[in-house]
Amino acid sequence: MRRSLYLIAAYLVWIFVFRLIVLTIVTYLMQESGAHFREISDTFNNNLLLFHGMGAALFVLFLLQINPLTIVTRHELYSRHQFQRQFIPGWIRGFLIATIFTGLFILVGTHNYVGFLIQEENIFVAIMGLMIRFLSLFTLIYCEEFIFRYQWFQLARGNQYGLRMIIISALLYALTKAFQFNLGVSQIITIGLAGLYLGLRSAVEMNFFQGAGLWSGFLVALNIVFSFPLFGNEAQGLLFVQYYPSESGVGEFSRFLSGGAGGPLSSFLTGTLLVLAITYEVVRSQKDLFSKGFRT
């Protein structure tokens with residue numbers, strides 16, 4: 001377990017260092033053009049997804065370069081067979097779940113479908129912006145799933161902390177997200193529950209591909225396609241689905257159920273479904289968990 005904790009500690013230190021480096025560069029370049037502190041801060045915060053995606057990719061590449069010290073191989077990071085057999089079906093499933101969530105929110109009236117956002121006069125710029133966000137989000141999720149849901153268990157192999165290691169990994173993942181982004185309590189809880197479910201899936205499959213596909217497909221659909229806020233940041237996607245606030249008691253309940261302006265990661269419904277999925281996974285895969293050395 002100690003080596004696993006060293007890995008996460010090293011990643012957190014790298015996040016802090018890389019963030020300082022990027023902030024220094026952004027501040028220097030924008031001050032040269034006469035920008036004020038508020039403009040610099042807004043620019044930096046609006047691009048956190050891009051910066052953290054780059055940081056996660058560089059950290060994983062560093063782990064690959066210092067092999068065999070870290071025992072990280074390219075085949076572990078990417079396997080064409082596993083990518084096609086597990087990642088892509090998982091990605092489609094996550095995308096469909098997010099689409100169903102969105103349709104449900106529109107049907108119950110908590111959100112409105114505004115329309116297609118890309119205009120003809122700026123279509124190239126808009127598509128490039130969406131592609132950069134997509135690549136940043138995909139890279140961040142894929143690399144962090146490799147760290148938290150594969151390398152974490154690889155370094156801990158042989159100990160007797162099976163279920164405990166899954167729980168600790170989920171807690172550290174949620175804390176890492178809180179360190180990276182400005183998140184509310186409900187979002188941190190939801191991310192922790194998602195980490196617990198993804199950890200259980202990785203324990204059964206003995207790899208991270210399916211979970212990475214499911215999580216990335218879900219978040220890409222919410223943020224890139226339907227414009228829901230993600231990790232505390234708002235950004236326009238391909239389609240614009242907007243929260244419709246209401247001052248009535250019913251409106252307060254619907255906000256609580258759907259997450260309101262905080263998006264589905266703040267939603268009580270999302271958290272409840274994750275709890276049900278975790279319960280189902282534990283019951284369904286109990287034999288696999290025990291047979292593969294993951295103990296309570």
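With distances taken between every two different alpha-carbon atoms, region 30-81 has a Kirkwood hydrodynamic radius of 13.7 Å.
Taking 0.36 nm per residue of separation and subtracting the current Cα-Cα distance, fully stretching the chain between residue 9 and residue 32 would add 4.8 nm. With neighbours defined as other Cβ atoms within 10 Å of a residue's Cβ, the residues 8, 132 order from fewest to most as 132, 8.
Translational diffusion of region 80-291, estimated by Stokes-Einstein from the Kirkwood radius over alpha carbon pairs at 20 °C in a medium of 1.002 mPa s, is 119 µm² per second.
Inter-part distance, region 41-95 to region 178-219, computed on C-alpha centroids, equals 14 Å.
Please give the length that would be gained between residue 83 and residue 154 if that part of the chain were fully extended, namely 0.36 nm times their separation in residues minus their C-alpha to C-alpha distance (nm, one decimal). Don't skip to the answer; put the middle values down first.
Numbers: separation 71, 0.36 × 71 = 25.56 nm, distance 1.91 nm.
Extending this stretch completely gives an extra 23.6 nm.
Contact order, relative form, for region 80-291: 32 percent (alpha carbon pairs under 8 Å, 6 or more residues apart, mean separation divided by residue count).
Going by a ≥ b ≥ c, the root eigenvalues of the Cα gyration tensor, does region 9-148 fall in the rounded group (a/c under 1.5), the prolate group (a/b larger than b/c) or the oblate group?
Details: a/c = 2.16, a/b = 1.06, b/c = 2.03.
Oblate, because a/c is 1.5 or more while a/b does not exceed b/c.
The simple Förster model, with R0 at 22 Å and r as the Cβ-Cβ distance, assigns residue 25 and residue 125 a FRET efficiency of 0.45. Counted residue by residue at 0.36 nm each, then reduced by the alpha carbon distance between them, the extension gain from residue 61 to residue 235 reaches 59.8 nm. Within the chain, the selection of entire DSSP H helices by a Cα span of 20 Å or greater along the long axis and an average Kyte-Doolittle value of at least -0.5 returns 2-32, 48-65, 88-108, 123-146, 162-180, 185-205, 268-284.
No value in this document is a laboratory result; all are computed from the given coordinates. Predicted model, so just to flag it, every value in this text is computed and none were measured. Every residue, glycine as well, gets a Cβ built from its backbone with ideal geometry; the counts of neighbours run over all protein chains shown.
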